[in-house]
Amino acid sequence: MKLDKPNLITRPKILLLIFLAIGILMVSSALYELNQSKKELLLLMAEQSHALLEALDIASKNALDANYHLNNEFRERLLNNANFIKNLYEQGAINNTLLKRLSAENNIYRINIYNRNGKKVFSNHEFEHTDLVEKFDPRETLEPIFSGQQDTLIIGIRTARFEPGHRYALAIAAKNRSAIVLNVDAQDFLNFRRRIGFGSLLRALVMENKGIVYATLQDTSMILAASGNIRQLENITSSPFLFRAFSDSLVLTRIIDFEEEEVFEAVHPFGYQNSKVGLFRIGLSLDPLKQIQNRIYRRLAVISVVLTIIGSIVLMLIFTMERFSSLQKRYFEVETYSRMIIEHASDAIIVSEASSGIKIFNGAAEQLFGMKRELVLGLTIGTILSQPECESLLQKESFIEPMECFIQNQKRFLLVSKSIFQDSEGRENTVYLFRDLTRQKQLELQMERKERMTAMGELASGVAHEIRNPLNTIGTIVQQLNKDFKPQNDEQEYLELTELVYSEVKRINETIQDFLRFSRPEKIQPQVFELENFISRLQTQYKAECQERQIKFSIALNWHGVVVWDFRQMKQVFVNLIQNAIEAVEKSGEINIEIDAVNDSELQIILRDNGPGISEEAKKRMFNLYYTTKAKGTGIGLSIVQRIVYEHGGIIEVESTPGKGTTFIIRLPIQATH
């Protein structure tokens, strides 16, 4: 029988050779994979460190930008408020009560007004510190304004004058080189600056990435910021590697010894606004490489490769998630900050998009238009701006201009801005900004009327004194003639003529009395009384007369409490206005009075009638002394009404359309300011 030749694979030598070959292949593969794994890990660490350095660079620039913008926000907000207060001060409309209200409404810690001698003339804080040490003299600080060297002085952050803490302050010059000084508490600003500083960023980077041994920002002379207790590092100028990276703006990596440990170091130059600040240096631990080496020595090349791939994927995923989380957090902070700015802005802000309608409707817009945000979102802007006076907003492109609109049945003087921008998805959005200047307009009109009343009063006083004495003489002579002289002819006609002269002299003298009463007004004497009792008396007083004329007279008192007014003079105001309304409306007419609280310190009184209304020309002149449209009117009633309202620290205005009735609107402080 012929035996089969043994299979070559089953031969011991061949098996040995195959085993040796497989062993050599496995060893070679393991060594190769070890070397490749080392190269790949170093490349991954280079990419990781590069990405970390890029993120650190971006975060540092964002931190500097945030600090810059926050500082600008502080300055611009205070400058806007300072200029507004300056205008009121130069108009003579400033008092401590108003400064308190402005500081509370605008979150301003202190508002002080100094004359050019450094004496405080107005302040929202009337209490004087007598038991605290003064840290600086405001006269020295404000000397550039008092001396005329500067009109705007940005003082910035400094310690508080008496109390602990820091303030951000600025000052502007007003008339007669007086100084208007505003400051806010800067503690939150300083805390924010510390949170976003380089040291905080580096410490956060090291804490969030356990593989980082150290992270520093270093310039040519010193360490600017570091992640830990790093007291000494290689100087940039003495190291060709560091000097090359700093000079040529390169991202370089190397392995160096750091405190008896090898670390993988990556360097990245940092610049801001075209200026080199220094060099970021990050040291990564090489422990992962040592662990891979130990695993590869114990395991097969394939398992090592799989573990390396899995490790690489996990590392990349962790880094990606960390970066995404950091970006998401930063985006949320920016979005929250922007939303807070819009929501707490004093101006009404509306953002509308053609397809989705209104997207943003801030708190000031709710207050201005009297509409809740939930009911407005998604509607078109035309549903809010439906009056003809406001329709031009929908037609024009971007603009900024003043205009008048009726909002909540009241005329408003607005400064309106409109701008258009495209979002990231290419959709066109329109931003409307409304600044309510009604109060400012009313104050201007009040000052104009007050000046006119003062001038007319001075004229009335002068004329009255010049005429009154001759008239008294004439009256005395006429009376004496009636007693001592008797004509021979036409005695009856003579007596009638002298009586006529005397009566006319008496009538002129009464007119002069009106002049004097207006030119020398009686000072108000405020007293505390229940507004409800006051209104009840008015209703009782006019109930019979209105029933006789078939006039519907109603008073809606929507506020109950005590007021501090001059009872007699305020009654004269209501009597004048109600009597005018009764005389204006026809039979079966209507007169309505509505009293509401504007805020905790001010009431609004609206008196409406459905009479014939007033022409625009008459409306402009109706508060002038001796202007009247009545046949038997004296023209002094509304002038006295206006004076009494002003003496109480209030404002009166009139709205009327011929054929549609007349409305008087009075805003009065609950406690008279004079």
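The values are calculated or read from the model by the stated rules, or taken from the named source; none is laboratory data. Keep in mind it's a predicted model, so treat the numbers as computed, not measured. Counting neighbours? That spans all protein chains shown, and the Cβs are built from the backbone with ideal geometry, glycine included.
For the stretch 338-380, which positions are within 22 Å of Glu428 (Cα to Cα), surrounded by 14 or more Cβ atoms within 10 Å (Cβ to Cβ) and hydrophobic (A, V, I, L, M, F, W, C)? Once the filter is applied, which keeps residues that are within 22 Å of Glu428 (Cα to Cα), surrounded by 14 or more Cβ atoms within 10 Å (Cβ to Cβ) and hydrophobic (A, V, I, L, M, F, W, C), the stretch 338-380 yields Ile342, Ala348, Ile349, Ile350, Val351, Ile358, Ile360, Phe361, Ala365, Val376, Leu379.
Residue-wise test of (1) among the basic types (Lys, Arg); (2) at pLDDT 80 or above; (3) within 21 Å of Ile535 (Cβ to Cβ); (4) surrounded by fewer than 19 Cβ atoms within 10 Å (Cβ to Cβ).
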{"position": "Ala597", "(1), (2), (3), (4)": "no, yes, yes, yes"}
{"position": "Asn624", "(1), (2), (3), (4)": "no, no, no, yes"}
{"position": "Gly649", "(1), (2), (3), (4)": "no, yes, yes, yes"}
{"position": "Ala672", "(1), (2), (3), (4)": "no, yes, yes, no"}
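Taking the stated definitions as given, is Phe515 under 30 Å from Gln671 (Cα atoms) and modelled with pLDDT under 90? Yes, satisfied. Here Ala66 fulfils each of the conditions (1) modelled with pLDDT of 85 or more; (2) assigned to a helix (DSSP H, G or I) apart from (1).
Under 7 Å between Cβ atoms, at least 6 apart or on separate chains: pull out the pairs that start in the stretch 195-219 with a residue that is farther than 27 Å from Ser247 by Cα and end on any residue that is acidic (Asp, Glu) and modelled with pLDDT under 75. Close Cβ pairs (under 7 Å, with a partner that is acidic (Asp, Glu) and modelled with pLDDT under 75) amount to Glu208/Glu322.
Just wondering, is there one or more residues in the stretch 320-341 that are closer than 27 Å to Arg435 by Cα, touching a helix residue (DSSP H, G or I) at 6+ places or on another chain (Cβ under 6 Å), assigned to a helix (DSSP H, G or I) and without any contact (Cβ under 8 Å) to a residue 40 or more places away in the chain? No. Assessment of the stretch 74-82 against the conditions (under 14 Å from Ser346 (Cβ atoms), part of a helix (DSSP H, G or I), outside the structural domain of Ile180 (by TED's automatic domain parsing) and of a type in the set (A, V, I, L, M, F, W, C)) yields at least one matching residue.
Listed by position, the strands (runs of 3 or more DSSP E) inside the stretch 362-448 whose residues that are among the small types (Gly, Ala, Ser) and at pLDDT 75 or above number at least 2 are 410-422.
Exactly one residue out of Gly148, Gly92, Gly118 is under 24 Å from His166 (Cβ atoms), more than 14 Å from the chain's Cα centre (by Cα) and among the small types (Gly, Ala, Ser), and it is Gly118. Counting only strands (runs of 3 or more DSSP E) that fall entirely inside the stretch 158-272 and contain at least 3 residues that are farther than 24 Å from Asn62 by Cα, modelled with pLDDT of 75 or more and not hydrophobic (A, V, I, L, M, F, W, C), the qualifying elements are 252-257. Could we say that Tyr32 is in a helix (DSSP H, G or I), of a type in the set (Phe, Trp, Tyr), over 27 Å from Gly156 (Cα atoms) and in contact (Cβ under 8 Å) with a residue 24 or more places away in the chain here? For Tyr32, the condition - in a helix (DSSP H, G or I), of a type in the set (Phe, Trp, Tyr), over 27 Å from Gly156 (Cα atoms) and in contact (Cβ under 8 Å) with a residue 24 or more places away in the chain - is met. Scanning the stretch 595-616 for residues that are over 23 Å from Ile640 (Cβ atoms) and under 42 Å from the mean Cα position of the chain (by Cα) turns up Asp596, Ala597, Val598, Asn599, Asp600, Ser601, Asn610, Glu616.
Tell me, please, whether a residue that is under 46 Å from the mean Cα position of the chain (by Cα) and in the same structural domain as Gln48 (by TED's automatic domain parsing) can be found in the stretch 283-294. Scanning the stretch 283-294, I find at least one residue that is under 46 Å from the mean Cα position of the chain (by Cα) and in the same structural domain as Gln48 (by TED's automatic domain parsing), so the answer is yes.
Within the stretch 575-590, can one find any residue that is at pLDDT 90 or above and more than 20 Å from Ile644 (Cβ to Cβ)? Yes: the stretch 575-590 contains one or more residues that are at pLDDT 90 or above and more than 20 Å from Ile644 (Cβ to Cβ). Among residues of the stretch 588-599 that are in a strand (DSSP E or B), those with a Cβ under 7 angstrom from a residue that is among the hydroxyl-bearing types (Ser, Thr, Tyr), sequence gap 6+ or separate chain, pair up as Asn592/Ser554. For the stretch 606-616, the count of residues that are touching a Gly at 6+ places or on another chain (Cβ under 8 Å), modelled with pLDDT of 90 or more, surrounded by 15 or more Cβ atoms within 10 Å (Cβ to Cβ) and not in a loop (DSSP other than H, G, I, E, B) is at least one.
If you go through the stretch 88-100 and keep only what is exposed (fewer than 15 other Cβ atoms within 10 Å of the Cβ) and charged (D, E, K, R), you end up with just Glu90.
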